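Novice: Pasting a structure below so you can have a look.
Values in this text are rule-based calculations from the coordinates and carry no lab data. Because the structure is a prediction, the values reported are computed rather than measured. Please note: Cβ atoms are built from the backbone with ideal geometry, for glycine as well, and neighbour counts cover all protein chains shown.
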Amino acid sequence: MSTHAAALDIPIAGTKADRRPGMGRLTAVELRKMVDTRAGFWLQFAVVTLTVAVVVVVGIVGHAQDHTLRQMLSAALAPASILLPIVGILLVSSEWSQRTAPITFVLVPNRARVLAAKVAASVVLSLVAFVFCLAVAAIATAITAPGVEHTWSLPAGLLGQSLLSLATGMIGGVAFGAALLSSAPAIVLSFALPIALGALGSIPALEGAARWLDGGRSLTPLTEHLMSSTEWARAGTTLALWMVLPLVIGLWRILRNEVA
Amino acid sequence: MIEAQSLTKRFGTTTVVDDVSFRCEPGTVTGFLGPNGAGKTTTMRMLCGLSRPDAGHAAVLGGPYRELPNPGRRVGILLDASAQHAGRRGREALAVSAQMMGVDARRVQSLLDLVGLDRAAARKRVRQYSLGMRQRLGIAHALLGEPEVLILDEPANGLDPPGMRWMREVLRDFADRGGTVLLSSHLLHEVDAVADQIVIIGHGRIAAHGSRADLLAGAGTLVRAGNEAALVAALDAAGLASRSDGDGGLIVTAEPEDVGRVALDGGVALSHLSPSGAAGLEQLFFDLTSGDSR
């Protein structure tokens, strides 16, 4: 520790750089927070290695018709679509469990901007992950060269739907993290809820509702085929319930919460 | 400049901060003193916009803290040194905040040097930090944005004596160059050595408030006599309240001249008579804050 306070050279009472940090900078900070902790780093590491591993396994054991770009991409996206929602949850909930929320909100008192930056960062990370998965799938398709019909055929609309599926999944994670402000319950719930909904949906009386509200039914077409307008309506309804609503609840809680 | 005006905060039916008002001027160090649970932290959290007052208002640099465009560049805050992400490296904890407030990343290293966290320490994850190291990291964090106001909650907690002395020098220097400092403590001597102004809080209420000299002046007289019983009797007869200072002397709530006169009238020979000074301040602090403890 320095013995001389003179080593502290702080100009005082200059109004410097007193401009509000822009959304771009806040988004970059949130992306940084996703990877600069131990948990964050290993989650990202897991996404990368599992994606490669899954594609390699499919490439080795699958049949030729599993080796089209479309099938490879579907396999490659599986790890990210499971793990990115957890990254999203932790991005919000860890601010509470690790008690960094006071630091964040002291630096950026407008809490809604912080949550918006977290959502924006989730979109960016989803896009990066998607491009990575697409590249891995393309490389695997080129190597396995299945030689079947439609090897490289992949409608642009389906690409968009797959990206949407990945991004909404991660934003859903942010929403759950914000609504619960606690890591473990949010993660458990994000895994248990789809199972519970699936079980409820198997009750005949509830099947009609499940088509609209159970992501296991309404969101799977996103990655499977170009969706009809009814399917879009169902997916939209599900996202309103399981992504938008928790996000609104989370925003409300974050704005009104005493931050300790 | 920091201004608290009738700040009041209730949690349920308990009023934890009750009508607290004080001002901290540029160029001064204000010590915010009170036992644990007195309401210091809650008051500070209201000052920096983390907690909403139920009544009254707080201003930092002339307005509500939350209206500062980039508050990290004007106000340095350390609220809870243990509140850092355990899985983040010390250097990274500073670097993230530097990026957020738009401070040159090179400043991170100079602050690590300043607070004495060497390269090995800066590379460690915060979970491996001792309380003293977290405290140093927190002080570095507070100074990161080159602020003109510092709000520090128990910054000396966990620091070793050389660390405490170093921190006092840093704060004194910061204030002497025109900065405003508010630091809280539950230990009088931590604050007494550095503060120009002292605010004492107990049970959520301001118990005493003023310059160190004012508080010392009002802290009474320290008096000793060979025949203590006779002295107590004389003081009682004159209607002056006295109590033991725990070291063979009495602290009397009166000016030395009056005490001397009472002793003369009572025919008691004194062996010591002086303003009570820091001992009296200690007593004052103790009385004001724990005297009415529940």
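Novice: Nearest-5 percent of antiparallel DSSP beta bridges in the protein assembly as shown?
Specialist: 65
Novice: Along the positive direction of the dipole of the protein assembly as shown (beta-carbon charges: Lys, Arg +1; Asp, Glu -1; about the Cα centre), which of A:148, B:285, B:244 reaches farthest?
Specialist: The one lying farthest along the dipole's positive direction is A:148.
Novice: Shielding of B:71-78 by partners, i.e. mean partner chain Cβ atoms within 10 Å per residue?
Specialist: Mean shielding count: 5.
Novice: Oh, and also: Using the Karplus equation 6.51 cos²θ - 1.76 cosθ + 1.60 (θ = phi - 60°), what ³J(HN,Hα) coupling, rounded to whole Hz, does each residue of segment A:211-219 give in order, writing x for Gly and Pro?
Specialist: Result, ordered by residue: 4, 9, 10, 9, x, x, 9, 7, 9 Hz.
Novice: If you take every DSSP beta bridge fully contained in chain B, what fraction is antiparallel? Give it as a percent rounded to 5.
Specialist: Working: 31 of 48 bridges.
Of the beta bridges lying entirely in chain B, close to 65 percent run antiparallel.
Novice: Taking DSSP loops as anything outside H, G, I, E and B, show the longest stretch in chain A free of GluC sites (Glu not before Pro) there with at most 12 other beta carbons within 10 Å.
Specialist: After excluding every exposed loop site, the longest remaining stretch is A:1-148.
Novice: Okay, next question. Just add up the charged neighbours of residue B:123: K/R +1, D/E -1, any other residue whose Cβ is under 12 Å from the Cβ of residue B:123.
Specialist: Net local charge, residue B:123 excluded: +4.
Novice: Follow-up. Just to confirm a number: summing +1 for Lys and Arg and -1 for Asp and Glu over residues other than residue A:76 whose beta-carbon lies under 14 angstrom from that of residue A:76, what do you get?
Specialist: 0
Novice: Here's something else I'd like to know. Assign one of three labels to segment A:22-256, namely rounded, prolate or oblate, based on the Cα gyration tensor with a ≥ b ≥ c the square roots of its eigenvalues; rounded applies when a/c is under 1.5, prolate when it is not and a/b is larger than b/c, and oblate otherwise.
Specialist: Cα axes put segment A:22-256 in the oblate bin.
Novice: How big is segment B:220-275 by Rg and Dmax over its Cα atoms, in Å?
Specialist: Cα-based Rg and Dmax for segment B:220-275 come out at 9.3, 26 Å.
Novice: Work out how far the C-alpha atoms of segment B:2-211 reach from end to end along every principal axis, then list the three figures in whole Å, largest first.
Specialist: Sorted from largest, the Cα extents of segment B:2-211 read 46, 36, 35 Å.
Novice: Which of A:250, A:88, A:160 moves the most in a Gaussian network model of chain A with Cα springs under 10 Å?
Specialist: A:160
Novice: Considering only C-alpha atoms, what is the centroid distance from segment A:45-84 to segment B:2-28, in Å?
Specialist: Going from one Cα centre to the other spans 58 Å.
Novice: What ³J(HN,Hα) values, in whole Hz, does the Karplus curve 6.51 cos²θ - 1.76 cosθ + 1.60 give for segment A:20-34 when θ = phi - 60°, with x put for Gly and Pro?
Specialist: In residue order, the calculated couplings are 4, x, x, 4, x, 5, 5, 5, 4, 5, 5, 4, 4, 5, 6 Hz.
Novice: Based on the Kirkwood radius over alpha-carbon pairs, what is the Stokes-Einstein translational diffusion coefficient of the protein assembly as shown at 10 °C with 1.306 mPa s viscosity, in µm²/s?
Specialist: 58
Novice: Under the rule of -39500 (n - 2.57) per DSSP H run of 4 or more residues, summed and divided by the residues of the protein assembly as shown, what mean residue ellipticity at 222 nm is obtained, to the nearest 500 deg cm²/dmol?
Specialist: -17000 deg cm²/dmol
Novice: Could you check which residue among A:72, A:23, A:170 shows the biggest mean-square fluctuation in a GNM of chain A with a 10 Å Cα cutoff?
Specialist: A:23
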